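What follows is a short report on a single structure.
The values are calculated or read from the model by the stated rules, or taken from the named source; none is laboratory data. What you are looking at is a predicted structure, and each value in this text was computed from that prediction instead of being measured. Cβ sites come from the backbone with ideal geometry, for glycine too, and all protein chains shown count toward neighbours.
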Amino acid sequence: MNSRPPQTSPRAPTIIELLDALVGLGHLKPLHRDEIAARAMQQRAHLQRQRLAARFHGAEAHEPTDAEVIASFHFPLATDASDHLDEDRVVEVQARMMGVPYAHIDPLKLSPDLITSTVSRPFARRHCVVPLESGDGTIRVAMADPFDETLVDELERITGRRVEALMASRKAIQKIITEVYGFQSSVTAAEEQVRGGSKGPAQPGVDLGNLEQYFRLKKVDEIEATDRHVVNAVEYLLHYAFDNRASDIHVEPRREEGVVRMRIDGVLHEVYRIPKVVLPAIVSRIKMMSRMDVAERRKPQDGRIKTAAGAAGGEGREVELRVSTLPAAFGEKIVLRIFDPEQILVDLPDLGMYPEELEAYERFIARPNGLLLVTGPTGSGKTTTLYSTLRAIATPQVNVVTIEDPIEMVVEEFNQVAVQHKIDVTFPTMLRTFLRQDPDIIMVGEIRDAETAEYAVQAALTGHLVLSTLHTNDSPSTIVRLRELGVDKFLVNSTLVGVVAQRLARKVCQNCKVEETLTADQVALLEIPMRGGRPPELKVARGEGCPRCRGTGLFGRTGIFEVLDVTDGVRRLVAEEADAASIARQARADGMRTLREVAVHKLAAGITSFNEVVRVTVQEESR
Ligand SMILES: [Zn+2]
């Protein structure tokens, strides 16, 4: 075990050297370096006092590191003001200066089993270590201080393997410890309870025949959904999802065990495996939180959970989860869809419109009456646009009412009604009722039939601003669709103020983007006009994949908007009952940029990728 060559630990850079390196690498502005240098000592003392006041125990009461001090200033990155210089980035630079490998910790690549079976939680917490992977007689360990030889020796003794030490920030390591040990130990404790206190299979040879399931049922019932360990496990699961920007959590029963998967930026990742005996309790707990009938296991159910994404995430913003169950072959499967208000309610300029489009859109919504339509396929961000718009115009002086199917997110300022066909609460019946409720602004989830279209237009005609969505591909064809729904062309002309078609495109990860030039074929596929008889040389960005984007090369999403202004020219064509192509030509002559044109703009600006532009403007349109 002592084959490790004795190494003399390199001198850690001073905080000034570190700050200079951060400026040199373009992470920090010289102005901010000077400010940190001048106030570092004061800030360190301040952080230390804060910690003592919060009565952090054990390792967490350590003296603040240089990286922690620098990160606590929250200065924006010199290269990207929307992001700030965090502890991880500082430690990465520190590691580079000391010639030690830096560990990008990707929670989804970790093995909870390896971590919890290698070191105990108190040990991991006290020494700030987390095992990453093992193989070939070695084990890679992320450590806050990779030069702590005593600790490395101790780890080699415990694991019987050669330790390869990597450097990571204290914050990143402590977060993993909380999540992994928190979830794992809760599940293990719950499992032990089911198995009657003894760890390991207390019922050897038990498989999942019906007989055994019946036999086990009683045992499983001993562990209640209100059991502290189960409650904790579900809490950890939710925090983990919020921290990793997951949009959906899938809890799935398999033949031998339960599997938890999470969708992040559109891709499902397996996160945890749960012993089969604990799964029903976890499922019951989630059902209980969603106010479902816990005893009903054979019928699909749906419900909601409203929760504060605080604690692990930081600020206590409210997050809504829509939960549904499905009785599958090996038990109930649960899917939790996460509705984060930060994603659904944004400031209008953050939707992703270019200034020209935003200017036209703001003109539409400033109107006291009229019909504004947002169109696009499912998952194109229509809800975000409508909710964000409503919030932008909902002042205490106006009455906003909505009829939705279903309510995507509950917002206090809106008076929201959910469609319930059984009791005749539908789009058209509610529209009629609304008119007696003195509304100023009405939002109708979707116009899908002639009756709804008729009432929506009536409301717009009688002095209300009506917002709704339609299921069409682009904005010109929306006008034609209104006519097909039986709306008189004169009514279209006197009510319609604008149409917005939209798509959501994933953005290129700024952390791993590289430049590339589109091939002639790619340029042709996007129908980009030739220049001087040749396809233009178009430089675009592509993400190579890094831990931040989990190897996808994409991070976050942006809206692509086609904003059609109902100009005099467009009105004339509506009166002539012209087709969508003619309306499109006129709208473009009047300044409209098509979805494709706007998407190509975002491609050329390095915001989104070629594949995304093809996905949202070529594939979706040909459907
Ligand atoms: Zn990346």
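Residues of the stretch 511-538 that are exposed (fewer than 12 other Cβ atoms within 10 Å of the Cβ) and either closer than 30 Å to Ala103 by Cα or among the basic types (Lys, Arg) (or both): Val514, Glu515, Arg531, Arg534. Quick one: count up the residues across the stretch 504-543 that are closer than 30 Å to Thr384 by Cα, of a type in the set (D, E, K, R), more than 11 Å from the ligand (Cβ to nearest atom) and touching an Asp or Glu at 6+ places or on another chain (Cβ under 9 Å). Residues in the stretch 504-543 being closer than 30 Å to Thr384 by Cα, of a type in the set (D, E, K, R), more than 11 Å from the ligand (Cβ to nearest atom) and touching an Asp or Glu at 6+ places or on another chain (Cβ under 9 Å): 1 in total. Scoring Leu326 on the criteria (1) in a helix (DSSP H, G or I); (2) of a type in the set (A, V, I, L, M); (3) not assigned by TED's automatic domain parsing to the domain that holds Lys507 leaves a single failure, condition (1).
The residue that is farthest from the ligand (Cβ to nearest atom), among those in the stretch 548-557 that are in a strand (DSSP E or B) and of a type in the set (A, V, I, L, M, F, W, C), is Leu554.
For Val444, the stated conditions hold: it is buried (at least 16 other Cβ atoms within 10 Å of the Cβ), touching a residue at least 24 places away in the same chain (Cβ under 8 Å) and more than 16 Å from the ligand (Cβ to nearest atom).
Residues are listed down the side, and each one gets a yes or a no for (1) touching a Ser or Thr at 6+ places or on another chain (Cβ under 9 Å); (2) part of a strand (DSSP E or B); (3) in the same structural domain as Thr384 (by TED's automatic domain parsing):
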position: Pro406; (1), (2), (3): no, no, yes
position: Glu412; (1), (2), (3): no, no, yes
position: Val417; (1), (2), (3): yes, yes, yes
position: Arg432; (1), (2), (3): no, no, yes
position: Ile447; (1), (2), (3): yes, no, yes
position: Glu451; (1), (2), (3): yes, no, yes
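How about the stretch 259-288: which of its residues are surrounded by 21 or more Cβ atoms within 10 Å (Cβ to Cβ), among the aliphatic types (A, V, I, L, M) and over 18 Å from Ser185 (Cβ atoms)? Across the stretch 259-288, the qualifying residues are Met262, Val283, Ile286. In the stretch 600-623, the qualifying residues are those that are within 16 Å of Thr375 (Cβ to Cβ) and either at pLDDT 95 or above or of a type outside the set (Lys, Arg) (or both), and the one that is surrounded by the most Cβ atoms within 10 Å (Cβ to Cβ) is Thr617. Taking the criterion of being out of contact with any strand residue (DSSP E or B) (no Cβ under 8 Å at 6 or more places or on another chain) and either within 11 Å of Ala233 (Cα to Cα) or in contact (Cβ under 8 Å) with a residue 40 or more places away in the chain (or both), the residues of the stretch 264-293 that qualify are Val267, Val277, Ala281, Ser284, Arg285, Met288.
Quick grid of which residues meet (1) assigned by TED's automatic domain parsing to the domain that holds Pro131; (2) within 31 Å of the chain's Cα centre (by Cα):
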residue	(1), (2)
Leu155	yes, no
Ile158	yes, no
Arg162	yes, no
Thr178	no, yes
Tyr181	no, yes
Gln184	no, yes
Thr188	no, yes
Gln193	no, no
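If you go through the stretch 96-127 and keep only what is more than 28 Å from the chain's Cα centre (by Cα) and part of a loop (DSSP other than H, G, I, E, B), you end up with Gly99, Val100, Pro101, Val119, Ser120.
Against the condition crowded, with 22+ Cβ neighbours inside 10 Å, in the same structural domain as Ser475 (by TED's automatic domain parsing) and in contact with a Ser or Thr (Cβ under 6 Å, 6 or more places away or on another chain), how does Phe427 come out, does it pass? Spelling it out, Phe427 is indeed crowded, with 22+ Cβ neighbours inside 10 Å, in the same structural domain as Ser475 (by TED's automatic domain parsing) and in contact with a Ser or Thr (Cβ under 6 Å, 6 or more places away or on another chain).
Which of the residues spanning the stretch 128-142 are touching a residue at least 12 places away in the same chain (Cβ under 8 Å) and assigned to a strand (DSSP E or B)? The answer is Val129, Val130, Pro131, Leu132, Glu133, Ser134, Thr138, Ile139, Arg140, Val141, Ala142. Any idea which of Ile560, Ile583 is away from the ligand (no atom under 16 Å from the Cβ), under 27 Å from the mean Cα position of the chain (by Cα), at pLDDT 95 or above and not in a loop (DSSP other than H, G, I, E, B)? Exactly one of Ile560, Ile583 is away from the ligand (no atom under 16 Å from the Cβ), under 27 Å from the mean Cα position of the chain (by Cα), at pLDDT 95 or above and not in a loop (DSSP other than H, G, I, E, B), namely Ile560. When Val419 is tested against (1) within 33 Å of the chain's Cα centre (by Cα); (2) at pLDDT 90 or above; (3) closer than 23 Å to Leu348 by Cα, just one condition goes unmet, and that condition is (3). Pairs linking a residue in the stretch 12-34 that is in the same structural domain as Pro64 (by TED's automatic domain parsing) to a residue that is among the polar types (S, T, N, Q) and not in a helix (DSSP H, G or I), with Cβ atoms under 7 Å and 6 or more positions apart or on different chains, are Gly26/Thr79.
Among residues of the stretch 321-368 being at pLDDT 90 or above and polar (S, T, N, Q), the one that is surrounded by the most Cβ atoms within 10 Å (Cβ to Cβ) is Thr325. Do we have Val187 as buried (at least 21 other Cβ atoms within 10 Å of the Cβ) and either modelled with pLDDT of 90 or more or hydroxyl-bearing (Ser, Thr, Tyr) (or both) here? Taking the combined requirement at face value, the residue does not satisfy it.
What about Val508, is it under 27 Å from the mean Cα position of the chain (by Cα), farther than 16 Å from Ala580 by Cα and surrounded by fewer than 18 Cβ atoms within 10 Å (Cβ to Cβ)? Criteria not met by Val508. Assessment of the stretch 484-496 against the conditions (without any contact (Cβ under 8 Å) to a residue 40 or more places away in the chain and either in contact with a strand residue (DSSP E or B) (Cβ under 6 Å, 6 or more places away or on another chain) or on the phi > 0 side of the Ramachandran plot (or both)) yields at least one matching residue.
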